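Here it is: the structure, laid out below.
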Amino acid sequence: MLKNFLKVAIRNLSRNKVYVAINIVGLGLALACCIVAYLNSKYNWDFDTNHTQINHIYKVHGIHERQGDLHEFGRIPMPMAEAMREDLSGVDRVFRFESHVFTVRDETMPDKVFNTSVCYAEPGFLESFTFPVIAGDLSAYHDLERAVITDEYAQKFYGDADPLGNVLTVFDDTGMSFNFVIAGVVEKAPQNSSVHFEILTNFENRFRMYDDNVKNNWGTFAQNTFVYLNDPTQAKGLEKQLQQYIPIQQEAREDFIMARFLLSPMSTHAHTSKEIWSDNLTKAMDPAAVLTPQIMALLILLVACFNFTNTAIANSNRRLKEIGVRKVLGGSRKQLIKQFMTENLTVCFLALLISIGIATYLVPAYAAMWEGMELELDLSSDIGFYLFLALLLVFTTVLAGLYPSLYISRYKPVNILRGGLSIGGSSRLTKFLLAAQYTFTVIAIFASVAFIQNAIYQDTLDLGYERDQIIAINLLNETQYQKMKASMLANPNIELFASAKNHIGRGNYGVALKHDGEEVNTSMLDVGIDYIETMGLDVIQGRSFSRELEASDSKSSIIVNEKLVESYGWKEPLGKRVVINDTTTLTVVGVVKDFYLYGFWAPLQPVGFRLKSLKFEDDGTYSFIACRTDIGHVTEVYDYLESEWNGKIPNKVFAGFYQDELLSEAKRVNNNILTIFTFLGVVAFILSCLGLFTLVSINLIRKTKEIGVRKVLGGEVSHIVYLISKGYFFLLFISSAIGVTAGYYLINALISDIFNNHKDMDFFTFAIPMVTIILVSLAIASLRTLKAAVVNPVQSLRYE
């Protein structure tokens with residue numbers, strides 16, 4: 001029976017090659033997008049699953065209390081790990097892990113110098129997290145002067161040669177060097193892992209390389225502290241034991257109170273860490289980055305399935321006599337449904353094969369859009385992928401083909417063979433499906449237009465300072481500062497330069513400023529003379545910091561932004577006094593125009609500037625020197641500074657950057673979403689146009705005699721085209737109106753979720769999708785109708 005169904009299915013499909021090809025290509029594109037969405041989602045679902053013991057690992061966090069609000073803080077006091085090992089029962093392993101970036105070289109290879117993620121870990125780290133060993137000793141990092149590196153990092157220095165036994169020199173922030181013997185090589189962790197390193201050494205080296213006296217200081221914090229439990233059910237009990245350290249922490253840091261400590265399961269940490277303060281582990285994908293491909297795939301699949309359904313129903317008029325004869329000869333409705341579903345399954349299966357071929361290009365193209373993403377179309381070992389394909393095939397076959405099969409098979413043979421029955425292109429169902437198809441297409445085009453407008457808006461958004469003319473350099477010590485200061489003074493193309501402990505877009509510290517009993521949480525930046533002018537900030541009231549008044553300004557002055565003035569409700573801000581840390585009183589001497597501290601990701605926030613001389617601390621934190629040049633010399637000045645740095649500071653990789661680079665992540669995300677929705681809009685538009693072409697073509701077959709009679713009776717070609725096309729106009733207009741309305745609410749919500757600052761939708765956001773879809777679709781329908789209308793009526797009537 002199945003063999004017969006397949007024979008008939010192939011025979012019928014071969015008679016309608018054009019329409020079948022359109023459906024196969026359309027469904028193939030849609031299914032390829034579904035494959036991309038599945039792999040993208042799976043990449044996110046699989047975060048940390050490479051670590052086989054991940055369900056046994058917990059990260060210790062604190063709950064920080066600030067002005068009555070509780071915030072989860074990703075760090076705990078530095079000595080607490082040692083205390084936990086000594087005091088707590090039921091803890092199998094406690095280990096700390098920190099990551100820093102240093103310059104590393106092999107002295108035998110002077111031409112190879114890299115900024116490297118040098119990490120410190122205590123015993124238990126590699127025994128808990130899974131890093132498969134390739135060569136050497138996995139426990140080498142237990143020793144002070146031995147290190148474990150990843151295979152990818154070994155490739156940088158040694159290529160295919162054996163790296164074991166070679167010595168890597170790490171230069172700390174002061175320029176001191178530390179040698180480590182490579183004693184182990186492990187596989188690099190996949191990108192969807194929370195923990196990464198290039199060089200791993202013993203945690204005691206953290207105290208050797210930073211002379212900051214934090215080892216036994218309960219007022220300082222370790223980046224990451226983990227516990228490993230053989231029995232994860234003991235986590236709740238252990239959490240209660242952690243509270244014994246709260247009094248010690250509160251006494252050590254009265255300005256940074258912890259309300260309690262908790263355990264964060266590493267099995268879910270990557271997905272929940274977005275809102276955790278000071279958590280430096282790799283986070284899972286943003287929900288928008290997961291949801292966007294899913295929305296894209298669903299919309300395209302719906303458009304393609306509606307296209308398939310509409311074509312099948314519209315084309316059914318050509319098979320009415322076949323259906324009637326089958327029923328007269330004893331065929332049951334159930335058999336007819338099986339026959340039509342076999343044909344639908346055949347089309348969907350061919351589309352699925354094509355989709356795999358398309359996906360081999362789409363998957364790497366999509367992965368390349370996101371920095372570090374590792375997506376792979378694995379056809380050899382991923383059983384879950386084949387299960388997904390099977391479910392996708394069944395779902396698509398049912399969604400696209402079940403209703404046409406039920407619809408076509410229900411007619412009685414008497415009505416069919418009598419010749420009075422005609423179904424297809426003019427039915428309400430086909431019009432509804434076409435309208436739905438076009439509604440989804442308009443939503444897709446609406447999204448593309450909205451994101452294009454938003455990208456243009458954000459690319460030209462005034463951030464409140466000169467982002468295009470600023471170059472800044474990370475500094476680690478006074479020697480670096482003095483050398484680069486001399487280089488800047490010697491270059492006539494550098495208009496201004498200034499030092500800063502905190503730099504716009506690269507760091508600040510939060511304080512609660514008090515005025516008349518009212519507190520405002522404020523982002524503070526400690527900067528040098530001329531920083532306000534160098535960055536191009538606009539002083540709208542008062543003055544900037546003065547070199548003549550440097551002594552008093554550094555002690556008692558503050559410059560604030562408009563947002564801080566608004567937060568206090570000041571009418572005359574100059575001369576107002578605020579208290580910082582309950583100890584220091586500062587006087588407002590100037591107000592700068594509002595600016596975006598971290599680009600358009602974050603909203604405007606209260607900001608204050610203090611004048612501070614540049615002090616370097618051996619804690620791994622950067623200071624900065626920023627300079628401004630005219631727009632025509634930006635690249636030239638950058639190259640000059642890099643050359644000066646390499647000549648004067650050869651043991652450190654140049655740490656300069658363009659200020660505009662701080663927006664690169666936001667631009668990349670924006671452009672990627674724009675690309676996705678543009679692709680969605682174009683594909684949906686093409687599929688809808690092909691669907692309309694198919695529907696009009698099949699409908700014209702039914703109207704061949706009508707067109708011939710109208711021409712014989714003197715009907716004008718233009719009038720015939722108008723009569724047949726006008727129905728499509730009203731349908732397209734209604735679909736477009738519904739599409740832009742739904743698109744407004746859906747896309748506005750999506751953009752608002754992704755960006756705090758975005759362009760509001762305007763007239764063109766609504767007009768472009770409507771006008772485009774209506775004009776192009778009407779042109780297709782009219783031209784196809786015109787082609788049928790100019791045929792000699794003798795041929796039309798003879799056809800009938």
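The values are calculated or read from the model by the stated rules, or taken from the named source; none is laboratory data. This structure is a prediction, so every number in the text was calculated from the model and none was measured. Here Cβ is always computed from backbone atoms with ideal geometry, including for glycine, and neighbour counts include all displayed protein chains. Protein only, heavy atoms only, side chains kept; ligands, DNA and RNA dropped before computing areas. Shrake-Rupley method; radii C 1.70, N 1.55, O 1.52, S 1.80 Å.
To the nearest 0.05, how large is the calculated FRET efficiency for Glu239 and Ile356 if R₀ is 51 Å and r is the Cβ-Cβ distance?
Computed FRET efficiency for Glu239 and Ile356: 0.60.
May I have the extent of the alpha carbons of the range 554-668 along their three principal axes, as whole Å values ordered from largest to smallest?
For the range 554-668, the Cα extents along the three principal axes come out at 50, 34, 25 Å.
Among residues other than Phe388 whose Cβ falls under 10 Å from its Cβ, what is the net charge (Lys/Arg +1, Asp/Glu -1)? Present the calculation step by step, with values, prior to reporting the outcome.
Details: positive: Lys42; negative: Asp382.
Charge balance in the 10 Å sphere: 0.
Express in nm, to one decimal, how much length is gained between Phe764 and Leu291 on full extension, taking 0.36 nm for each residue of separation and deducting their alpha carbon distance. Present the calculation step by step, with values, prior to reporting the outcome.
Working: separation 473, 0.36 × 473 = 170.28 nm, distance 2.60 nm.
Gain on stretching Phe764 to Leu291: 167.7 nm.
First obtain the Kirkwood hydrodynamic radius of the range 172-250 from its Cα pairs, then insert it into the Stokes-Einstein equation at 25 °C and 0.890 mPa s, and state the resulting D in µm² per second as a whole number. Walk me through the intermediate numbers first.
Working: Rh = 16.6 Å.
D, rounded to a whole number, is 148 µm²/s.
Using the Kirkwood radius built from alpha carbon pairs, what does the Stokes-Einstein equation give as D for the range 499-546 at 37 °C and 0.692 mPa s, in µm² per second? Before the final figure, lay out each step's value.
Working: Rh = 12.3 Å.
So the translational diffusion coefficient is about 266 µm²/s.
Under 11 Å from the Cβ of Gly464, count the other residues' Cβ atoms, weight Lys and Arg +1, Asp and Glu -1, and hand me the total.
Numbers: positive: Arg467, Lys563, Lys593; negative: Asp462, Glu466, Asp538, Glu562, Asp594.
Net charge in that neighbourhood comes out at -2.
Ok, one more. When you take every Cα atom in the range 527-593, what is the radius of gyration, and what is Dmax, the widest Cα pair distance, in Å?
11.7, 32
Hey, another quick one. Among 546-558, 769-781, how do they line up from the highest to the lowest mean number of other beta-carbon atoms within 10 Å?
On the way: 546-558: 14.8, 769-781: 18.8.
Highest mean packing first, the order is 769-781, 546-558.
Still on this model: Counting pairs of Cα atoms in the range 277-317, how many percent are more than 16 Å apart?
Working: 495 of 820 pairs.
More than 16 Å apart: 60 percent of the Cα pairs in the range 277-317.
So, one more: Let me see the P(r) profile for the range 173-323: every Cα-Cα distance counted, bins of 10 Å, each bin given as a percent of all pairs.
Answer for the range 173-323: a P(r) of 7, 20, 25, 18, 9, 7, 6, 4, 2, 0 percent.
May I ask you to rank Phe609, Phe432 by accessible area, largest first, using a 1.4 Å probe over the protein chains only? Mind showing how you got there, number by number?
Values: Phe609 0, Phe432 130 Å².
My answer, sorted largest first, is Phe432, Phe609.
Another question, then. Under the 0.36 nm per residue contour assumption, what length would be gained going from the current alpha-carbon distance of Met373 and Arg66 to full extension?
Numbers: separation 307, 0.36 × 307 = 110.52 nm, distance 3.65 nm.
Gain in length upon complete extension: 106.9 nm.
Another question, if that's okay. Could you give log10 I(q)/I(0) at q = 0.12, 0.15, 0.16, 0.20 Å⁻¹ for the range 486-607, computed by the Debye formula over C-alpha point scatterers of equal weight, without solvent?
With one equal scatterer per Cα and no solvent, log10 I(q)/I(0) is -0.45, -0.70, -0.79, -1.22.
Report, in cubic angstrom per residue, the convex hull volume of the C-alpha atoms of the range 22-126. Don't jump to the answer; show the numbers that get you there.
Details: hull volume 30.3 nm³, N = 105.
For the range 22-126, the hull spanned by Cα atoms encloses 289 Å³ per residue.
A follow-up question, please. Determine, for each peptide in 116-128, 561-573, the mean count of other beta carbons within 10 angstrom over its residues, then list the peptides with the highest first.
Details: 116-128: 21.6, 561-573: 16.6.
In descending order of packing, they fall as 116-128, 561-573.
Another question about this same structure. Test of understanding: what is the full-extension gain from Asn493 to Asp160, defined as 0.36 nm times their sequence separation minus their Cα-Cα distance? Working shown, then result.
Values: separation 333, 0.36 × 333 = 119.88 nm, distance 4.53 nm.
Separation in residues times 0.36 nm, less the Cα-Cα distance, equals 115.4 nm.
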